[in-house]
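Data block below; observations after.
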Amino acid sequence: MSVKQLADTTTNQILTAIENNMNDPKSISKIIESALLKVMSETRAGSVEVVNVCCSADQDLAHKIAHELHQKENALIANLMTLR
């Protein structure tokens, strides 16, 4: 999904929540959090794929880089969870 599509989808979800009187900060925050997590997941998947292609001769290096990316993603997710 492109960033524009995700932004449009997220906007529509927020507007629907507001129209249905579900415009409390927690429900809006949850919609935004979901969009951010989706972007992170897609970005990570693309990054891991690039690492595997670029480091195909050195799979140990590829796994180390992929592991580091995964740890950074987990840290970001934990930080987002604290915003709830």
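Just want to confirm a number: the relative contact order over the chain, from Cα pairs under 8 angstrom separated by 6+ residues, in percent.
26 percent
Would you please calculate the Kirkwood hydrodynamic radius of the chain over all C-alpha pairs and express it in Å, rounded to one decimal?
14.6 Å
Considering only the other residues whose Cβ falls under 11 Å of the Cβ of ILE77, what net charge follows from Lys and Arg at +1 and Asp and Glu at -1?
Summing Lys/Arg as +1 and Asp/Glu as -1 gives 0.
For the chain, what does the helix formula give at 222 nm: sum of -39500 (n - 2.57) over DSSP H segments with n ≥ 4, over the residue count, nearest 500 deg cm²/dmol?
Counting only the DSSP helices, I get -30000 deg cm²/dmol.
FYI, it's all coordinate maths here, none of it is from the lab. Computed from a predicted model, the values in this text were never measured in an experiment. All Cβ positions, even for glycine, are placed from backbone atoms using ideal geometry, and neighbour counts span all protein chains on display.
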